[in-house]
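K.L.:
Below: one structure in structure tokens.
The values are calculated or read from the model by the stated rules, or taken from the named source; none is laboratory data. Bear in mind the structure is a predicted one, so any value in this text is a computation, not a measurement. We place every Cβ from the backbone using ideal geometry, glycine too, and count neighbours over all the protein chains shown.
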Amino acid sequence: MSRERTNLRCRRAGDAGLTLTELMVAVTILGILATVSVSAFKTDPVADSATKTAALIQEARRLAITNGPVRADVVAALRAASFPAPTARSYVIFSATAGGQNVVTLRRLIEGAAVGTYRWENDLSFSLPSDVVIPYLDTPDLTTQPRSYVGAGSPVTRWFFPTGSASPMMVYLGKRNDAAGNASRYSIRVLQLSGLADTAKGW
């Protein structure tokens, strides 16, 4: 009887532990979960830059609509100054520093109290990560105007109007030095009539 009780105690003690196989399976599962968790927290700098750029474009459209038509005297002054879009309320500049880092800037028109006076004020601006580039802009139909390359000393400007319309554009974002297109790529399309920004993966 005492031998049977001893064997029973041994079996119960053994049941409380893990076999080597069970331990290896548990460690493997934990490793897989850790890998999935780390990859889930990794960000795509191109996707993030596309999201920020699209948001800035949307803000340019919102400002243009909210502030309404440009005063007639200011329109006349802008025309006299040979301004490309004298009825625009805001515009976005795609530029690059001497080191090649892209900068996206939103400017809005502020009318002065005196007749014919105005100023353009920076509203928002941000720099893209050094490994992300906007190489050029097109128009959505790819035929309206020639491709505009963004580089140091050659900024590209797109306009937004109180009617909600905008200069049509296709903005391309990708990884620097990735001519083969192996890395992440995004494009932002803005149609002339709506002025809305539509982001898509790929070119």
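K.L.:
Select from the stretch 155-171 the residues that are part of a strand (DSSP E or B) and under 13 Å from Val104 (Cα atoms) and list them in ascending order.
P.N.:
Val156, Thr157, Arg158, Val171, listed by residue number.
K.L.:
Return yes or no: is Leu128 buried (at least 20 other Cβ atoms within 10 Å of the Cβ), modelled with pLDDT of 90 or more and more than 27 Å from Thr43 (Cβ to Cβ)?
P.N.:
So Leu128 fails the test.
K.L.:
Just for the stretch 77-97: of the residues that are aliphatic (A, V, I, L, M) and under 22 Å from the mean Cα position of the chain (by Cα), which one is surrounded by the fewest Cβ atoms within 10 Å (Cβ to Cβ)?
P.N.:
Ile93
K.L.:
Conditions: (1) at pLDDT below 95; (2) assigned to a loop (DSSP other than H, G, I, E, B). Ser37 meets all but one. Number of the miss?
P.N.:
Of (1) at pLDDT below 95; (2) assigned to a loop (DSSP other than H, G, I, E, B), only one is false for Ser37: (2).
K.L.:
Quickly run through the stretch 147-169 and pick out the residues that are under 21 Å from Leu78 (Cβ atoms), in contact (Cβ under 8 Å) with a residue 40 or more places away in the chain and of a type in the set (Gly, Ala, Ser).
P.N.:
Selection gives Gly164, Ala166, Ser167.
K.L.:
Quick check: is even one residue across the stretch 85-102 touching a Gly at 6+ places or on another chain (Cβ under 9 Å), polar (S, T, N, Q) and closer than 20 Å to Ser187 by Cβ?
P.N.:
Taking every residue of the stretch 85-102 in turn, at least one turns out to be touching a Gly at 6+ places or on another chain (Cβ under 9 Å), polar (S, T, N, Q) and closer than 20 Å to Ser187 by Cβ.
K.L.:
Hey, any hits in the stretch 111-129 for a residue that's part of a strand (DSSP E or B), closer than 20 Å to Gln192 by Cα and aromatic (Phe, Trp, Tyr)?
P.N.:
No, the stretch 111-129 contains no residue that is part of a strand (DSSP E or B), closer than 20 Å to Gln192 by Cα and aromatic (Phe, Trp, Tyr).
K.L.:
May I ask you to list the residues in the stretch 61-89 that are free of Cβ contacts under 8 Å to residues at least 40 places away in the same chain and on the phi > 0 side of the Ramachandran plot?
P.N.:
Ser82, the sole residue that qualifies.
K.L.:
Out of Arg107, Arg147, which single residue is loosely packed, with under 14 Cβ neighbours inside 10 Å, charged (D, E, K, R) and either within 18 Å of the chain's Cα centre (by Cα) or assigned by TED's automatic domain parsing to the domain that holds Ile57 (or both)?
P.N.:
Answer to the selection: Arg147.
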